[in-house]
1. Grab the Cα-Cα distance for Lys100 and Gln134, subtract it from 0.36 nm times how many residues apart they are, and report the gain in nm with one decimal.
2. For the ranges 101-110, 133-142, what's the packing order if you count other beta-carbon atoms within 10 Å of each residue, average per peptide, and put the highest first?
3. Tell me, what is the FRET efficiency for Lys91 and Glu70 to the nearest 0.05, using R0 = 25 angstrom and their Cβ-Cβ distance as r?
4. Based on alpha-carbon centroids, what's the gap between segment 115-146 and segment 72-87 in Å, whole number please?
5. Based only on other Cβ atoms within 10 Å, what is the fewest-to-most ordering of Leu82, Leu93?
Amino acid sequence: MKNHWCKTILLGILAVTMILGNSEKTLACDNLECEQSSEIATLASVMEKASSHLSISKGKAEMKLNYIAETKMDSIVVSVRLQKYSSGTWKRLKIWDDVKFSGRIITVTKNYKVTSGGKYRAKFVVTTKNGNSQKTETFFSNVVNY
């Protein structure tokens, strides 16, 4: 019942935020208890600009981010992290730093072998640079039980 109210409140806040034109903020959650409500709000708030996904099959995790910048950028740097939930927190299993692009639309795909018996997610940190302006955003994938 508590999760239902959290989801309802978050979706209401999200709707107001999107109506006011402030759809650039990403909600993040570092504990499993609020993970489900955070995922709904995160996905809805960034739907126009990014989509992130994690799938696991036969021990292979595939992390994918599709990202659309507001305008053409001089530089887009992506850090990809595969995380596993353990002892109440998300712990990093693998990190790929400095995946570099330029332009406006990018797709990043990374693969990594995982073992069964856990909850996994991908975290993408995107830093865009245009002239002297720089912005960093964080996106989380869905959580996969494997």
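Quick note: the coordinates plus some simple rules give every number you see, no bench work behind them. If you're wondering where the values come from, they're calculated on a predicted model, not measured in any experiment. All Cβ positions, glycine included, derive from the backbone under ideal geometry; neighbour counts span all protein chains shown.
1. Working: separation 34, 0.36 × 34 = 12.24 nm, distance 1.44 nm.
Net length gain for the segment: 10.8 nm.
2. So the peptides 101-110, 133-142, ranked by packing, come out 133-142, 101-110.
3. Values: r = 33 Å, r/R0 = 1.31.
The value I calculate is 0.15.
4. 4 Å
5. Numbers: Leu82 21, Leu93 17.
With the fewest neighbours first, Leu82, Leu93 line up as Leu93, Leu82.
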